[in-house]
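These notes are about the structure you will find just below.
The values are calculated or read from the model by the stated rules, or taken from the named source; none is laboratory data. Here the structure is a predicted model, which is why all the values come from computation and not from measurement. Cβ sites come from the backbone with ideal geometry, for glycine too, and all protein chains shown count toward neighbours. Side chains are part of the model used for accessible areas, which takes the heavy atoms of the whole protein and leaves out ligands, DNA and RNA. Shrake-Rupley method; radii C 1.70, N 1.55, O 1.52, S 1.80 Å.
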Amino acid sequence: MTLDLIFQNNTLILKGVLNNQTIQQDLFVSQRKKIASIQTLTINLEAITHLDSAGLAWLLNAIRDAHAANISLAWQHIPDKLLQLARLSSAESFFTTPSA
């Protein structure tokens, strides 16, 4: 199980498993230099093969950190599983921003 973070221009592609075993650090800590000059970061979740509540929490932390850094987030290919978990946590609205 691995999680790869692939940057292509202003898009971050998450590939693999997003859970407590693959998450190492908050996104804005581990990728600070790559994100610093971005005004809008698009997060593409199409290549996520599995996620759990820890993955949801990691993404919610990314939303919090983006807001603190005045960076807008856009979402691409949000998995149904993520929306289900977010709905259970009353956090679905965080992932309903217009897709890029």
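Which whole-number value in Å² is the accessible area per residue of the chain, probe 1.4 Å? Mind showing how you got there, number by number?
Numbers: 5850 Å² over 100 residues.
So the chain comes to 58 Å² accessible per residue, rounded to a whole number.
Between residue 7 and residue 29, what length comes free when the chain is fully extended (0.36 nm per residue of separation minus the Cα-Cα distance, one decimal in nm)?
Values: separation 22, 0.36 × 22 = 7.92 nm, distance 1.52 nm.
Once the chain is fully extended between residue 7 and residue 29, it gains 6.4 nm.
Run the numbers for residue 39 and residue 52: contour at 0.36 nm per residue of separation, minus the present Cα-Cα distance, in nm.
Result for the pair: 1.9 nm of gain on full extension.
Roughly speaking, what is the stretch gain from residue 76 to residue 61, that is 0.36 nm per residue apart minus the C-alpha to C-alpha distance, in nm to one decimal?
On the way: separation 15, 0.36 × 15 = 5.40 nm, distance 1.77 nm.
Additional length available on full extension: 3.6 nm.
Can you give me the pair-distance distribution of the chain, C-alpha pairs, 10 Å bins, whole percents?
Answer for the chain: a P(r) of 16, 54, 29, 1 percent.
Once the cut-off is 15 Å, how many percent of the Cα-Cα pairs in the stretch 7-46 end up in the long-distance tail? Mind dumping the intermediate values first?
Details: 344 of 780 pairs.
Distances greater than 15 Å cover 44 percent of the Cα pairs.
Please compute the contact order of the chain in relative form: average sequence separation of alpha-carbon pairs under 8 Å and at least six residues apart, divided by the residue count, as a percent. List each step's numbers first, then the result.
Values: 155 pairs, mean separation 26.8, N = 100.
Relative CO of the chain lands at 27 percent.
Set the Förster distance to 25 Å, then compute FRET efficiency between residue 21 and residue 84 from the Cβ-Cβ distance, nearest 0.05. The partial results should precede the final answer.
On the way: r = 20 Å, r/R0 = 0.81.
With a Förster radius of 25 Å, E is 0.80.
May I ask you to give the percent of accessible area on the stretch 31-100 that is carbon plus sulfur, with a probe radius of 1.4 Å?
Details: 2040 of 4070 Å².
The computed percentage sits at 50.
What are the ³J(HN,Hα) couplings of the stretch 29-44, residue after residue, when phi is run through the Karplus curve with 6.51, -1.76, 1.60 and θ = phi - 60°? Round to Hz, x for glycine and proline.
Each residue's phi maps through the Karplus curve to give 8, 6, 10, 3, 5, 6, 8, 3, 9, 8, 8, 10, 9, 9, 10, 9 Hz.
For q values of 0.16, 0.24 Å⁻¹, compute log₁₀ I(q)/I(0) with the Debye formula on a Cα-only model of the stretch 42-100, without solvent.
-0.45, -1.06
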